[in-house]
Amino acid sequence: MTLFNDLSLLYTRPGFLLRRAHQISAAVFEDECRNVGLTPAQFGVLTVLRSAPGLDQSRLARALGFDKVTVLRVIRGLEERGLVERSPAPDSRRNLAVELTQAGDKLLTESQKPAERAYERLMEPLSAEQQVELVALLQLMTEGLEEHARAAFVPANKPRSS
């Protein structure tokens with residue numbers, strides 16, 4: 001059997017399995033959060049903004065590991081729904097600060113239970129020990145390969161380097 005004919009070589013590759021797991025994760029999240037109308041990316045933006053109000057768009061993108069185009073698209077959609085507001089960033093005229101509106105904060109609160117159900121559904125096939133191990137392995141993998149990422153990841157609570 002040649003290398004190209006053995007599908008098990010494809011189906012056991014980490015990249016294939018990670019992509020498939022991401023597809024399933026997004027589908028489960030969207031299913032559970034259908035009534036609140038949030039995607040995983042929107043939920044992530046709202047969650048970061050609650051923890052770091054007034055974050056500028058560039059730092060928000062890094063806090064989620066998004067590229068600037070993706071975060072801008074998500075912000076615009078949330079802004080159209082009245083869930084976030086943008087204003088000039090206090091430390092940079094070229095950048096905009098993003099904040100949750102009262103409606104955005106309320107929707108984020110309403111989304112907590114469906115988001116938790118999505119997490120539980122996603123992790124359900126694993127034992128408690130396997131869940132901890134999976135998260136630890138994914139953290140190890142992403143931290144070890146961060147230099148290869150297309151978009152940088154810098155947690156919102158990490159202080160800026162001078």
Among TYR119, ALA152, GLY82, the residue whose Cα sits farthest towards the positive end of the charge dipole of the stretch 72-162 (+1 at Cβ of Lys and Arg, -1 at Cβ of Asp and Glu, taken about the Cα centre) is GLY82
In the chain, with Lys and Arg counted as +1 and Asp and Glu as -1 at Cβ, which of these residues, VAL71, GLY15, THR142, has the Cα nearest the positive end of the dipole, that is, farthest along it? VAL71
Hey, what do the phi angles of the stretch 19-29 turn into as Karplus ³J(HN,Hα) couplings, whole Hz, using 6.51/-1.76/1.60 and θ = phi - 60°, x for Gly and Pro? 4, 5, 4, 5, 4, 5, 4, 5, 5, 5, 4
With θ set to phi - 60° and the Karplus curve 6.51 cos²θ - 1.76 cosθ + 1.60, what are the ³J(HN,Hα) couplings of the stretch 96-113 in order, to the nearest whole Hz, using x for Gly and Pro? 10, 8, 10, 9, 5, 8, 4, 5, x, 5, 5, 5, 4, 4, 5, 7, 4, 5
Within 10 Å of each residue's Cβ, count the other Cβ atoms and sort SER51, SER8 from fewest upward. SER8, SER51
Residues whose placed amide H lies under 5 Å from that of VAL84, excluding near-sequence neighbours: GLU79, THR101
Could you order peptides 35-41, 11-17 by the average number of other Cβ atoms within 10 Å of their residues, highest first? 35-41, 11-17
Placing each pseudo-label 7 Å from Cα in the direction of the beta carbon, SER51 and ARG81 end up separated by a distance in nanometres of 2.0 nm
The stretch 40-55 residues near the modelled PHE153 label - backbone nitrogen below 20 Å, point 7 Å along Cα→Cβ: 40-52
Test of understanding: what is the full-extension gain from LEU126 to ARG93, defined as 0.36 nm times their sequence separation minus their Cα-Cα distance? 7.1 nm
Estimated [θ] at 222 nm from DSSP helical runs (n ≥ 4, -39500 (n - 2.57)) normalised by residues in the chain, nearest 500: -19000 deg cm²/dmol
Step through the residues of the stretch 67-79 one at a time and calculate ³J(HN,Hα) from phi using the Karplus curve (6.51 cos²θ - 1.76 cosθ + 1.60, θ = phi - 60°), rounding each to whole Hz and writing x for Gly and Pro. 7, 5, 5, 5, 5, 5, 4, 5, 4, 4, x, 5, 5
With charges only on Cβ, +1 for K and R and -1 for D and E, what is the dipole size of the chain about its Cα centre, in debye, rounded to 20? 580 debye
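Readers should treat all values here as calculations from the given coordinates under stated rules, not as data from a laboratory. As the structure is a prediction and not an experimental result, all values here were calculated from the model. A quick note on method: Cβ atoms are made from the backbone with ideal geometry, for glycine too, and the neighbour counts reach across all protein chains shown.
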